[in-house]
Amino acid sequence: MDLCIILAVIFFVATVVLSVVLAFKLAKKKKPVWALNTRIIIGIGTGSPSELKMTFRGLPVDDVYRTVFVFFNIGTETIRKADVAEAVTIHFEGAKILDQPTALATSKQVNKLSVRYVIKDGDEAIEVDFLYLDHDDGVMVEVLHTKSERIRCSGIIMGAGEIDYIGEFLTRPPPYWLPIIFIVFSALVGYTIYYIWHEVASTILAAQINYLLILPIIATLFMIVYFIRFMFTGFPVFYRYLRFPKWTGLHSRL
C-alpha cells in the first residue's frame, strides 16, 4: 500500500512538471538564441622558431580558428524581418575574419536566410538576415578567423528582449542511454530512501534508541546530495543537446 502511495505521488509530480513545461512551450513568444563552438585548426606553437611564418591566402597569421555558430528562434511566435530594429550580428572582437562566412545549414529555403561579412562597432563581424523565423528556424554558419578576444552577439528584435547565448554546443551527442540511467537511478534513490525510513528508522523507533536516528538521516542526506549531483552533471548534458533543431546536424558536422 505504501509503495502504491509513493508511485502515485511520483506520477502526480511528473504530471505537474510536464504540465508546466507544456504551458511554457505553448506560450506565444519570440525567443532568438545563439550558440557557438570554436576550436583552433592551425597554429604556430609558442616554442616555434621565429623564422617560421604562416600565411592564409597571402595574409600573415599565427593561428587560424574555426567557429561554427547557430542562430535560431526557440520561441513559438514568428519573428519577421520587420521586427528587426538592429541587424543580428556576431562580433569577433580583436580578430581578423579570413574568408567569407559559409552557411552550413538553414532551416527552410523560404526563410531566405543569408549571412555576410561586415564591420560593426570597430569589429569584424558576420551579419544574419532573414525574411521570417518560425519556431526552431535559423541558420548554422562557419567562420574562419584569427584568435578573438571575445565573440558576442548584438541586435535588436522588437518584442523579443535580448538574444540569449545558450552555451557552447556539443561536438558529439551524449549517450542515448543517459535518460534511461536517470530514470533507473531516480527509482533506486526513491526506493532506497523509502526502505531506510520504513525499515531502519521504524526499527530504531520501536527499540526506543532515538539517538540512532542519526544513521538513517545521514544515509538519506547522502542519497539526496548524490542524486542532486547526478542531476546537475549528467542530465543537463542531454537536455542541452536536445535544445538544438534537427536541421543543424551539429554532431555529424563538427
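The values are calculated or read from the model by the stated rules, or taken from the named source; none is laboratory data. Note that the structure is a prediction, hence the values are computed from the model and not measured. Glycine also receives a Cβ, built like all others from the backbone with ideal geometry; neighbour counts cover every protein chain displayed.
Return the residues of the stretch 95-117 that are part of a helix (DSSP H, G or I) and buried (at least 16 other Cβ atoms within 10 Å of the Cβ); say none if nothing qualifies. Reasoning before the result, please.
Just the residues of the stretch 95-117 that are part of a helix (DSSP H, G or I), to begin with: 109-111.
Answer for the stretch 95-117, where residues must be part of a helix (DSSP H, G or I) and buried (at least 16 other Cβ atoms within 10 Å of the Cβ): just ASN111.
For THR233, the conditions (1) at pLDDT 65 or above; (2) polar (S, T, N, Q); (3) under 27 Å from the mean Cα position of the chain (by Cα) are fulfilled apart from (1). As a summary of the residue check, ALA103 satisfies the conditions (1) more than 22 Å from the chain's Cα centre (by Cα); (2) within 21 Å of ARG57 (Cα to Cα) except for the one numbered (1). Scanning the stretch 61-94 for residues that are within 25 Å of the chain's Cα centre (by Cα), in a loop (DSSP other than H, G, I, E, B) and hydrophobic (A, V, I, L, M, F, W, C) gives a single hit, ILE74.
Please work out if ARG80 is free of Cβ contacts under 8 Å to residues at least 24 places away in the same chain, charged (D, E, K, R) and under 18 Å from SER154 (Cα atoms). Outline the logic, then answer.
Values: free of Cβ contacts under 8 Å to residues at least 24 places away in the same chain: no; charged (D, E, K, R): yes; under 18 Å from SER154 (Cα atoms): yes.
Considered against the rule, which asks whether it is free of Cβ contacts under 8 Å to residues at least 24 places away in the same chain, charged (D, E, K, R) and under 18 Å from SER154 (Cα atoms), ARG80 comes out as no.
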